[in-house]
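Structure record follows, encoded as structure tokens.
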4 protein chains.
Amino acid sequence: MQWDLNSERPVYIQLIEQIQSRIITGFYLPGDKLPSVRDLAAEAGVNPNTMQKALTELERMELVYTNRTSGRYITLDQGLIKQLKKQSAKQQIQDFLEKMKYLGYEIEEIISLITDIASEMKKN
Amino acid sequence: MQWDLNSERPVYIQLIEQIQSRIITGFYLPGDKLPSVRDLAAEAGVNPNTMQKALTELERMELVYTNRTSGRYITLDQGLIKQLKKQSAKQQIQDFLEKMKYLGYEIEEIISLITDIASEMKKN
Amino acid sequence: MQWDLNSERPVYIQLIEQIQSRIITGFYLPGDKLPSVRDLAAEAGVNPNTMQKALTELERMELVYTNRTSGRYITLDQGLIKQLKKQSAKQQIQDFLEKMKYLGYEIEEIISLITDIASEMKKN
Amino acid sequence: MQWDLNSERPVYIQLIEQIQSRIITGFYLPGDKLPSVRDLAAEAGVNPNTMQKALTELERMELVYTNRTSGRYITLDQGLIKQLKKQSAKQQIQDFLEKMKYLGYEIEEIISLITDIASEMKKN
DNA sequence: GTGGTCTAGACCACC
DNA sequence: GTGGTCTAGACCACA
């Protein structure tokens, strides 16, 4: 598992997304202990403060919780994780459809284009 | 037709997108004369400098051209417009599929979700 | 108006509280423009990052809003401010009564003690 | 009687407060023998080191004393206990009034609010 | 000039 | 060793 950062968007936002992705896809399981802030930061190649900022936000979302002296853990609330997955997907789709409508596409066209491009992407 | 701006993303980027959308969807037709920078800025409620920046960028993309004495016009190159439409759509779709894959969804699931949400959005 | 910080609790928390207090008591009025992060930080004698952290949190609470390039402003939602005031007071009182109960006091005793101490504090 | 700990504040501080509360309210009487550190720690579900730290602090305040061979006992000095109770209460009240003043409340309002909230809390 | 982000490096309380 | 806080100083995009 690797960290994939670009400089177009704030690094801490990308860190949040990637950790969310790890939780959603089950790479991190409920109750798992996360590596320490310092280790995560070193692994991702960012400053510990930046990683801290990302983790604080995840904590605010209740996706992780902190035991101040022993470390950080993934939430035990599996429902929350499922909800996050569903809700993220719905948001992505709505935004996407909005933009496509904005470009003048109808739903049938969109689906046909998606299947085309998806098969094209699979080849690579 | 109205301008729909929020302050989360750079205003000039949003202006570019909205003018592009107007060109792609045919609200502005090839050869049409654009309102003056001042009028456009007033209409959109932004600083003329910001609108200017957006138009300069659109000119760089050759979607509009300037006739020094008489004003700005939409490009006559219909191929360019079509290409923009296709290319924008492809980019949107690729980004979207990337993100959904990231959330752990397969192509079949995605299409099924899209049809669901699209019909749900239609109701509103 | 001055900043009153001690080192017992995190500085950024105290900054949040003091700005909240200024909003609640009407020192800052709805729609007022706040000084820039740098100015506020200089005024309070803290690092701009620390002030930034406090302001970000106030923004999350929707007590202030940001216009990225022109500055920060106090929310126009007066209801929110009133609600904050009431809710803060209620919280303070509940916590207080809880602690006093914990020390073995009944409500009548508490009120009598308060009036005594309040008059004593007034003298100073 | 149970231990009620959260992880927001230092555990050893919360232990001190709860033992003080037991002394003030007469749950532990002057001269009572305290359970062993290990038993107390087990009962509270904390590390023995942490409980030890709390007890050491209580000893420093002379609320408990140690008989090297037979264990720890509650102080026989009833005056000290009364004084602790009064002084704690006074401190609580002063802090509380300070905060309420900070929120823009006058003493009369405070008392009226307290009686309201107290009756509301009694119902639950 | 405005807010926002990031790094580097330090110190702290707690367990 | 853990998370949390803070400073100092820098750079960026935007208007």
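Just name one of B:36, B:21, B:55: the one whose Cα is farthest towards the positive end of the charge dipole of the stretch B:11-76 (beta-carbon charges, Lys/Arg +1, Asp/Glu -1).
Towards the positive end, the residue furthest out is B:36.
Measure off 7 Å from each Cα along the Cα-to-Cβ vector at residue B:108 and residue B:82, then give the distance between these two points in nanometres to one decimal.
3.6 nm
List the DSSP H helices in chain A whose Cα atoms stretch 15 Å or more along the helix axis and whose mean Kyte-Doolittle hydropathy is at least -1.0.
A:11-24, A:107-123
Please state the shape class of the stretch D:79-123: rounded when a/c is under 1.5, otherwise prolate if a/b exceeds b/c and oblate if not, all from the C-alpha gyration tensor.
oblate
Counting other C-beta atoms within 10 Å, and keeping those with at most 11, which DSSP coil GluC sites (Glu not before Pro) do you find in the stretch B:85-114?
B:106
Compute the label-point distances linking residue A:13 to its equivalents in the other copies; points lie 7 Å from Cα along Cα→Cβ; give nm, one decimal, shortest first.
0.7, 3.0, 3.6
If each label sits 7 angstrom from Cα along the C-beta direction, how far apart, in nm, is residue A:49 from its counterparts in the other copies?
Spacings between copies for this position, smallest first, are 0.1, 2.9, 3.0 nm.
From the cross-link list C:122/D:99; D:82/D:122; C:122/D:122, which pairs have alpha carbons spaced over 21 Å apart?
D:82/D:122; C:122/D:122
Roughly how big is the stretch C:9-124's charge dipole about its Cα centre, with Cβ charges of +1 (Lys, Arg) and -1 (Asp, Glu), in debye to the nearest 20?
Roughly 440 debye, rounded to the nearest 20.
Whole percent per 5 Å bin, from 0 to the bin with the longest distance: what is P(r) over all C-alpha pairs of chain A?
2, 9, 16, 18, 16, 13, 10, 9, 4, 2, 0
Taking 45 Å as R0, compute the FRET efficiency from the Cβ-Cβ separation of residue D:9 and residue B:95 and round it to 0.05.
According to the calculation, E is roughly 0.50.
Checking the cross-link filter: which aspartates and glutamates have an alpha carbon closer than 19 Å to that of residue D:90, excluding same-chain neighbours under 8 positions apart?
Those aspartates and glutamates meeting the cut-off are C:95, C:98, C:106, C:108, C:109, C:116, C:120, D:17, D:98, D:106, D:108.
Considering Cα pairs under 8 angstrom that are at least six residues apart, work out the relative contact order of chain B and quote it in whole percent.
22 percent
Just which residue of chain A brings its Cβ nearest the axis of rotation onto chain B, and by how many angstrom, rounded whole?
A:96, 2
For a test of the definition: using alpha carbon positions, the gyration tensor, and the 1.5 limit on a/c, classify the stretch A:1-45 as rounded, prolate or oblate.
oblate
Assign unit charges at the C-beta atoms only (+1 for Lys and Arg, -1 for Asp and Glu), then state the dipole size of the stretch B:76-124 relative to its Cα centre in Debye, rounded to the nearest 20.
With only Lys, Arg, Asp and Glu charged at Cβ, the dipole is about 320 debye.
As a test of the formula, what do you get for chain B when each DSSP H run with n ≥ 4 contributes -39,500 (n - 2.57) and the sum is divided by the residue count, at 222 nm and rounded to the nearest 500 deg cm²/dmol?
Mean residue ellipticity, 222 nm, calculated: -20500 deg cm²/dmol.
Please report, for residue C:70, the nm distances (one decimal) from its label point, 7 Å out from Cα along the beta-carbon direction, to the equivalent points in the remaining copies, shortest first.
3.7, 5.2, 7.9
Taking the Cβ of residue D:88 as the center, what net charge do the other residues with Cβ under 14 Å away carry, scoring Lys and Arg +1 and Asp and Glu -1?
Charge balance in the 14 Å sphere: +3.
Go through B:107, B:64, C:76 and say which Cα lies farthest out towards the positive end of the charge dipole of the protein assembly as shown; charges sit on Cβ, +1 for Lys and Arg, -1 for Asp and Glu.
B:64
Placing unit charges on C-beta atoms (Lys and Arg positive, Asp and Glu negative, everything else neutral), compute the dipole magnitude of the protein assembly as shown about its Cα centre in debye, rounded to 20.
With Lys and Arg at +1 and Asp and Glu at -1, about 500 debye.
Read the figures in this text as sums done on the coordinates, not as results from a lab. Bear in mind the structure is a predicted one, so any value in this text is a computation, not a measurement. Note that each Cβ is placed from the backbone with ideal geometry, even for glycine, and that neighbours are counted across all protein chains shown.
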